Amino acid sequence: MELFNQHSAAWLLGLALALLATGLVAGVLAGLLGVGGGIVIVPVLYHLFTLLGIDEAVRMHVTVGTSLATIIPTSIMSSRAHRQRGSLDVALIKRLMPAVIAGVLVGSVASRYLSSASLTAVFATVALVVALNMAFKRDGFALRDGLPGTVGTSLIGGGIGGVSTLMGIGGGTLSVPILNALRVPMHTAVGTGAMLGMVISFPGAVAFIINGLGVPLRPPFSLGYVNLLGMALIVPATMATTGWGASLAHRIDARRLRQVFAAFLALTALRMFHALLT
């Protein structure tokens, strides 16, 4: 863990306040848009760590690792809530789970060898696709009815697990639109995504802790690539404000808000690509 006496008290206070603000923003947007917190937390943390001068060599690793750690408690609570409401399809989860776990393991191992630039490229690419889907998806669009055969389902599950681990997001960001495009009812798709978030976040966070042990240039209060201060501040702030976002969702134009967030994601992705190329 980095020694915090390397930074001034003002810098550390700024870090704490910025992390708290990250949690507040992530919670409100997650409640408003119905998206997983990770797809909000990662770009906000990326911008925050850039402004605070966190070294580029570890910036994205700490961002992804911290995001995965924050997803653990929220995904547990979310999956329990969906289970109580009957929105979990056990048969569907059983079909996806083995491949998702395999994908998480592959992503966890790969994260040890990928550079920060590579992780940034992965997030930027998928975030841009997610943004385009949010902005232009047509109502009623579907690829087919239900999951494909064993091979196709394995590819879908493995892709969700592996890519989500490398991006620092829960399963919902990828699984919900994919399952919905396979005509899985939205409530079931969201409940499934919450359950997959549990499977992805815990081993993913553990892998980023192990992979980052002893690595220099990490921000203060970091255990491996997981920033403990970030987790301690983001998790309660996110949980406290998700309900606010859900309430606001009934008072504003949700479609317009999704387009605004899609624009934010797209701009973040483009900024990441620009940083990689310059």
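What follows is calculated from the coordinates using simple rules that are stated; it is not laboratory data. Values in this document were obtained by computation on a predicted structure and should not be read as measured data. Neighbour counts are summed over all protein chains in view; Cβ atoms, including those assigned to glycine, are modelled from backbone coordinates with ideal geometry.
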Evaluate E = 1/(1 + (r/R0)^6) for SER8 and ALA57, where r is the Cβ-Cβ distance and R0 equals 22 Å; express this FRET efficiency to the nearest 0.05. 0.50
Can you list the trypsin sites (Lys or Arg not before Pro) in the range 81-126 that are in a DSSP coil and have 16 or fewer other beta carbons within 10 angstrom? ARG85
Would you mind ranking ILE252, ILE234 so that the residue whose beta carbon has the fewest other beta carbons within 10 Å leads the list? ILE252, ILE234
Would you give the gap between the C-alpha center of the range 56-134 and the C-alpha center of the range 202-270, rounded to a whole Å? 12
Taking the structure as given and computing semi-axes √(5λ) of the Cα gyration tensor in Å, which label from (1) 40, 25, 18; (2) 29, 21, 18; (3) 34, 22, 14 fits? (2)
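How would you rank ILE72, ILE169, ILE210, going from fewest to most other Cβ atoms within 10 Å of each one's own Cβ?
ILE210, ILE72, ILE169
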Computed FRET value (nearest 0.05) for ILE76 with PHE136, which takes r as the C-beta separation and R₀ as 30 Å: 0.35
Nearest 10 degrees, 0 to 90: what angle lies between the long axis of helix 90-113 and the longest principal axis of the chain (Cα atoms)? 30
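Only counting other Cβ atoms within 10 Å, I'd like HIS47, HIS61, HIS274 sorted with the fewest neighbours first.
Details: HIS47 16, HIS61 26, HIS274 10.
Listed from fewest to most nearby Cβ atoms, that is HIS274, HIS47, HIS61.
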Taking the chain and counting helices only, DSSP H stretches of n ≥ 4 at -39,500 (n - 2.57) each over all residues, the nearest-500 ellipticity at 222 nm comes to -27000 deg cm²/dmol
Cα axis of helix 254-277 to longest principal axis of the chain: angle in degrees, 0 to 90, nearest 10? 50
Test of understanding: in a Gaussian network model of the chain with alpha carbons linked when under 10 Å, which of ALA181, ALA30, ALA194 would top the mean-square fluctuation ranking? ALA181
Using Cα pairs closer than 8 Å and at least 6 residues apart in sequence, work out the relative contact order for the chain, in percent. 37
Gaussian network model of the chain, Cα within-10 Å springs - most flexible of TYR113, TYR46, TYR225: TYR113
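Do any trypsin sites (Lys or Arg not before Pro) in the range 163-267 lie in a DSSP loop with no more than 10 other beta carbon atoms within 10 Å, and if so, which? Write out the running numbers ahead of the final one.
Values: sites: ARG183, ARG251, ARG255, ARG256, ARG258; in loops: ARG183, ARG251.
Passing sites in the range 163-267 are ARG251.
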Nearest 10, in degrees from 0 to 90: the angle of helix 186-212 to the longest Cα principal axis of the chain is 30
Amide H neighbours of SER222 at under 5 Å, excluding residues fewer than 5 places away on the same chain, with H built from the backbone geometry, are GLU2, LEU228
Calculated FRET value between THR125 and GLN84, using beta carbons and R₀ = 51 Å, to 0.05: 0.90
Geometric extent, Cα atoms of the range 185-235 - Rg, Dmax (angstrom): 14.5, 46
Which one, GLY197, GLY140, GLY243, has the greatest fluctuation when you compute a Gaussian network model over the chain with C-alpha springs under 10 angstrom? GLY140
Point-to-point label distance, ALA181-ARG144, nm (Cα→Cβ direction, 7 Å offset): 1.3
